[in-house]
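*Asks:* One structure coming up, written as structure tokens, with questions to follow.
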Amino acid sequence: MANIIDGKVISAKIKEECKEIVLKLKEEEKTVCLAVIQVGTDVASSVYVKNKIKACEYIGILSKTYELPEETTQDEVLQLIEELNDDQEVDGILVQLPLPAHMDENKITQAISAKKDVDGFHDENVGALVTGHKGFLSCTPAGIIELLKRSQIEIEGKHCVVVGRSNIVGKPMALLLLRENGTVTICHSKTKDLKEITKQADILIAAIGKPKFFDETYVKDGAVIIDVGIHRDAHNKLCGDVDFDAVQSKVSAITPVPGGVGPMTIAMLMYNCVQSAKRKYKID
Ligand code: GUN
């Protein structure tokens with residue numbers, strides 16, 4: 001039977017660690033503050049933003065929320081980002097994606113000061129990831145590394161296959177696994193014989209964006225499966241990119257959906273906010 005990697009338990013532990021640090025900072029009258037900007041009323045985005053604010057409240061991180069109407073101009077958002085970049089109280093700035101079609105997502109993302117880019121999307125932070133220097137890490141891939149490490153799953157020397165090459169998950173995931181001395185293969189929509197490659201994976205990161213795509217024929221006996229997908233199946237039940245029931249008897253460890261990778265993203269966002277504040281206060 002596979003070990004079920006419990007993202008709820010591990011993310012709760014990380015949030016507790018953050019809470020402890022925030023409490024200590026508070027004793028010295030030091031605060032941690034995250035600014036969250038949402039443009040428009042995308043339902044999924046509203047849920048994500050609400051959960052991020054809730055996590056801040058739980059940990060003791062102050063939050064400033066900006067819920068802007070759909071018709072807000074790009075210049076208005078850029079102006080707000082500039083103000084928040086200059087605001088000494090603010091440690092992290094997050095613009096929830098996707099943005100309305102009339103905005104250039106890249107321009108907005110790059111306008112956030114790299115020092116406050118707690119999403120890890122700024123080119124400066126992505127560059128630091130490539131070269132192995134200090135910077136903010138994209139939250140989902142950083143969360144996956146924590147899941148593996150805290151489950152005592154060795155990455156070094158393992159064949160890690162990442163299926164997906166997005167800027168938010170696939171690419172930073174591959175770089176982080178490489179940093180941990182994994183042997184990394186990246187697959188994507190143009191990859192030929194995908195199954196032949198995923199069957200060689202010791203660690204498979206499934207971020208293909210298709211519900212229950214990976215069944216038992218895609219995985220090796222004893223592999224570790226990390227499922228980044230989140231979808232609703234035909235019965236309106238949450239599911240991932242992996243057919244959990246089909247593979248679980250074959251693999252050594254697997255993340256469930258929900259309760260696997262999902263909770264880790266917010267925990268790592270909180271971690272990044274705390275790190276940003278510590279840097280501001282010149283701690284460590
Ligand atoms: N939209 C979906 N995931 C994310 C995320 O991690 N950060 C931001 N800013 N927007 C998102």
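*Asks:* Across bins of 10 angstrom width beginning at 0, how are the C-alpha pair distances of the stretch 92-142 distributed, in whole percent?
*Replies:* The percentages, shortest bin first, are 27, 53, 18, 1.
*Asks:* Is the stretch 97-199 best put as rounded, prolate or oblate by its Cα gyration tensor, with a ≥ b ≥ c the root eigenvalues, rounded for a/c under 1.5, and otherwise prolate when a/b is larger than b/c, oblate when not?
*Replies:* Cα axes put the stretch 97-199 in the oblate bin.
*Asks:* Taking amide hydrogens as modeled 1.01 Å from N in the peptide plane, which residues meet the under 5 Å criterion relative to I283, leaving out close sequence neighbours?
*Replies:* Distant-sequence amide H within range of I283: zero hits.
*Asks:* Can you give the percent of C-alpha pairs in the stretch 1-73 whose distance is more than 19 Å?
*Replies:* Counting every Cα pair in the stretch 1-73, those more than 19 Å apart make up 50 percent.
*Asks:* Given Cβ point charges of +1 (Lys, Arg) and -1 (Asp, Glu) and nothing else, what value in debye, to the nearest 20, does the dipole of the chain about its Cα centre take?
*Replies:* For this selection, approximately 800 debye.
*Asks:* Using only Cα positions of the stretch 215-258, each an equal point scatterer, no hydration layer, compute I(q)/I(0) via Debye at q = 0.25, 0.29 Å⁻¹ and quote the log10 values to two decimals.
*Replies:* Ignoring solvent entirely, the Cα scatterers give -0.83, -1.03.
*Asks:* Return a whole-number percent for the relative contact order of the stretch 127-284, with Cα pairs under 8 Å and 6 or more residues apart as the contact set.
*Replies:* 21
*Asks:* Separate question: When all alpha-carbon pairs of the chain are counted, what percent fall beyond 24 Å?
*Replies:* 51
*Asks:* Given charges of +1 on the Cβ of Lys and Arg and -1 on the Cβ of Asp and Glu, with all other atoms neutral, how large is the dipole of the stretch 54-144 about its Cα centre, in debye to the nearest 20?
*Replies:* That gives a dipole near 540 debye.
*Asks:* Pop out the carbon and sulfur fraction of the accessible area of the chain as a percent, whole number, probe 1.4 Å.
*Replies:* That share works out to 51 percent.
*Asks:* Using Cα centres only, tell me the gap between the stretch 206-226 and the stretch 143-178 in whole Å.
*Replies:* Their Cα centres are 14 Å away from one another.
*Asks:* Among K13/K171; K64/K282; K195/K250; K116/K278, which pairs are too far apart, with a Cα-Cα distance over 21 Å?
*Replies:* With Cα atoms farther than 21 Å apart: K13/K171; K64/K282.
*Asks:* List the equivalent ellipsoid semi-axes of the stretch 155-211 in whole Å, largest first, each obtained as the square root of 5λ for an eigenvalue λ of the Cα gyration tensor.
*Replies:* With the √(5λ) rule applied to the stretch 155-211, the semi-axes are 17, 14, 8 Å.
*Asks:* How big is the Cα convex hull of the stretch 134-277 in projection, averaged over all directions, in nm²?
*Replies:* Its Cα hull, projected and averaged over all orientations, spans 8.6 nm².
*Asks:* Can you give me the accessible area per residue for the chain, using a 1.4 Å probe, in Å²?
*Replies:* 50
*Asks:* Might you report the magnitude of the Cβ-based charge dipole of the stretch 58-214 about its Cα centre, with Lys and Arg at +1 and Asp and Glu at -1, to the nearest 20 debye?
*Replies:* 1280
The values are calculated or read from the model by the stated rules, or taken from the named source; none is laboratory data. Remember, it's a predicted structure, so these values are computed and weren't measured experimentally. Please note: Cβ atoms are built from the backbone with ideal geometry, for glycine as well, and neighbour counts cover all protein chains shown. Accessible surface areas use protein heavy atoms only, side chains included; no ligands, DNA or RNA. Shrake-Rupley method; radii C 1.70, N 1.55, O 1.52, S 1.80 Å.
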